[in-house]
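The values are calculated or read from the model by the stated rules, or taken from the named source; none is laboratory data. Owing to the predicted nature of the structure, the values given are computational and were not obtained by experimental measurement. Glycine gets a Cβ as well: all are built from the backbone with ideal geometry, and neighbour counts include every protein chain shown. With ligands, DNA and RNA removed, areas are computed over all heavy atoms of the protein, side chains included. Shrake-Rupley method; radii C 1.70, N 1.55, O 1.52, S 1.80 Å.
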Amino acid sequence: MEKYLINPNRKMSKISKDIYGNFSEHLGRCIYEGLFVGEDSDIPNVKGMRKDVVDALKEMGLPVLRWPGGCFADEYHWMDGIGPLENRKKMINTHWGGVIEDNSFGTHEFFELCDQVGCDAYITGNVGSGSVREMSEWVEYITFGGKSPMADLRRQNGRENPWKIKYFAVGNENWGCGGNMRPEFYADNYRRYQTFVRNYEGNDRIYKVACGPNGEDYNWTEELMKHAKNHMDGLALHYYTVTGDWGHKGSATEFTHEEYYKCLRKAYHIEEIITRHLEIMNRYDPSKRVDLVIDEWGTWHDVEPGTNQGFLYQQNTMRDAVVAAINLNIFNKHSDRIRMCNIAQTVNVLQSVALTDGAEMVLTPTYWVFRMFKDHQENTLVDSYITTEKKGTESDKLPQLIESASMDENGVIYSTLTNTSASEVAEIRCQVADSAVKSVRAEILTGEIDAYNSFDSKNNVHTEEFTSFNMTADGFEAALPACSIVKFIIER
Ligand code: AHR
């Protein structure tokens, strides 16, 4: 029996709701078909936004959405996506399948989507192929309430009031698709571009995000912190969980136990990556003013057989759900330094929360994890610890149990645990320090490691009430099934 200790007396940090963010790019069927179908579509929509997907995202408590990319952001020219539809420029989406982008989803549509979902906006500007002026004018167009050329253009396009940009990133992956820059060169460019990302009166201060490292590129973090730390609010790390290698990533649905553990071990590796980047950041910024942002994370498998290689469409199993739970628990534990995270991507691309096929929509196991974990948003992380062994295969082991616990303003505790084992039940005894427990409720997501929701069987994997536990005076005892994610709600 493993010991699980939760100490609500030790309040650690506030869990920013934006840790539960998503990312949406003009890539494959994410924006078009996935989020936006246009007003003339037969698919039920409100001002062109798919009603089913918007409702699901609302229900999931999506706090913030990143747009328009990704690699796409550094070849996106925002002026192509405003004004009368018939005048919008068509372009080639060179990164993603070479398809024609008709720009029918642009700035006004993105803010309409955010309004419908009830989430904040995170915009990525174009450094790689755009000018300082272009970036500066986009911010003016969106956020300036007074009279100016860009604000007047916005009004001419039908929007009187400015919108709010909560987060603005100065470029994306500028070490790669965003311009193949060296860190010193990007740091100087970051300093220059961000100078003209203005804060206009009446708007909240824009939180500026600098392009951060690719996974274990610690040198990038070192250089960025050395040369640009005073000009940024957050530094954005990207880390994808790839089971095989980039040439043979592995199937999303057909994998062995060995590949299951390999995938989870690689997901868990983010703990070390975060810790090491934070060590560097703390050295340059001992007051810890600059946050870590993780604006692309999740599994990246081979595309579904028969689909466009450039569209990155993949299915999503219980293995992905466990990956999501591992990541989100780790992000919670680092919430003193992590401000925002955005899983890649929202719909139909990589580790999506929803998949669509025409008018049909399927919610993925990852969706259910986000929905379970939404209770943590804006709670206080409390100290917690679980005894656990590393399990898996000879070459790929990770802790069997990974958890985090938070407390809301009424003292209610929310604990989310994942049993990463493919085959073994985990017995735990939870004790909440200095507490007489009044009630415990629980919810579970579990299934075979390769179980998923398809368009023929949409409800194969979903959350259910969990009752296999006994309440004790100061906690509970439970047996967590193999490959499961369980949330306990503890009232004291
Ligand atoms: O999410 C898909 C791509 O992965 C993004 O466009 C890019 O930023 C990253 O390499």
Check your understanding: For segment 100-120, how many residues meet the condition of being without any contact (Cβ under 8 Å) to a residue 24 or more places away in the chain and touching a helix residue (DSSP H, G or I) at 6+ places or on another chain (Cβ under 7 Å)?
Key -> 1
Point to revise | Scan of segment 468-492 for residues that are under 30 Å from residue 355 (Cα atoms), open to solvent by 10 Å² or more (accessible area, probe 1.4 Å) and part of a loop (DSSP other than H, G, I, E, B), ordered by number | key: 481, 482
Practice item. Taking only segment 48-97 into account, find how many residues are open to solvent by 40 Å² or more (accessible area, probe 1.4 Å), touching a residue at least 60 places away in the same chain (Cβ under 8 Å) and either touching a Leu at 6+ places or on another chain (Cβ under 9 Å) or within 16 Å of the ligand (Cβ to nearest atom) (or both). Key: 2
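Could you tell me how many of the residues in segment 65-100 are charged (D, E, K, R) and in contact with a Phe, Trp or Tyr (Cβ under 8 Å, 6 or more places away or on another chain)?
1
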Study note, to complete from the structure: Among the residues of segment 302-315, the number that are more than 15 Å from the ligand (Cβ to nearest atom) and either crowded, with 19+ Cβ neighbours inside 10 Å or among the acidic types (Asp, Glu) (or both) is 2
Review point. Which numbered condition trips up residue 146, out of (1) buried (at least 17 other Cβ atoms within 10 Å of the Cβ); (2) under 20 Å from residue 166 (Cα atoms)?
Key: (1)
Check your understanding: Can you tell me which residue in segment 1-31 is farthest from the ligand (Cβ to nearest atom), limited to those that are assigned to a strand (DSSP E or B) and open to solvent by less than 10 Å² (accessible area, probe 1.4 Å)?
Key -> 8
Practice item. Check whether at least one residue in segment 407-426 is in contact with a Phe, Trp or Tyr (Cβ under 7 Å, 6 or more places away or on another chain), open to solvent by 10 Å² or more (accessible area, probe 1.4 Å) and part of a strand (DSSP E or B), and report yes or no. Key: no
Study note, to complete from the structure: The condition from (1) in a loop (DSSP other than H, G, I, E, B); (2) out of contact with any Ser or Thr (no Cβ under 6 Å at 6 or more places or on another chain) that residue 296 misses is numbered (1)
Point to revise | Unmet criterion (only one of (1) away from the ligand (no atom under 16 Å from the Cβ); (2) outside any strand (DSSP E or B); (3) touching a residue at least 60 places away in the same chain (Cβ under 8 Å); (4) at negative phi) for residue 38 | key: (4)
Review point. Any idea how many residues of segment 444-467 are over 22 Å from the mean Cα position of the chain (by Cα) and part of a strand (DSSP E or B)?
Key: 2
Check your understanding: What are the residues in segment 171-184 that are surrounded by 24 or more Cβ atoms within 10 Å (Cβ to Cβ) and in contact with a Ser or Thr (Cβ under 8 Å, 6 or more places away or on another chain), if any?
Key -> 171, 172
**Study point:** Where residue 181 falls short, out of the listed (1) away from the ligand (no atom under 16 Å from the Cβ); (2) without any contact (Cβ under 8 Å) to a residue 60 or more places away in the chain; (3) under 30 Å from residue 238 (Cβ atoms)
**Key:** (1)
Check your understanding: Of the residues that make up segment 444-460, is at least one open to solvent by 30 Å² or more (accessible area, probe 1.4 Å), in contact (Cβ under 8 Å) with a residue 12 or more places away in the chain and more than 30 Å from residue 313 (Cα to Cα)?
Key -> no
Review point. Which condition number in (1) over 31 Å from the mean Cα position of the chain (by Cα); (2) of a type in the set (Val, Ile, Thr); (3) open to solvent by 40 Å² or more (accessible area, probe 1.4 Å) is the one that residue 437 fails?
Key: (3)
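For a quick check of your reading: which strands (runs of 3 or more DSSP E) sit entirely within segment 320-391 and have at least 2 residues that are at pLDDT 95 or above and within 29 Å of residue 10 (Cα to Cα)?
338-344, 380-386
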Practice item. For residues that are more than 19 Å from residue 423 (Cα to Cα), of a type in the set (A, V, I, L, M, F, W, C) and touching a residue at least 24 places away in the same chain (Cβ under 8 Å), tally how many sit in segment 294-323. Key: 5
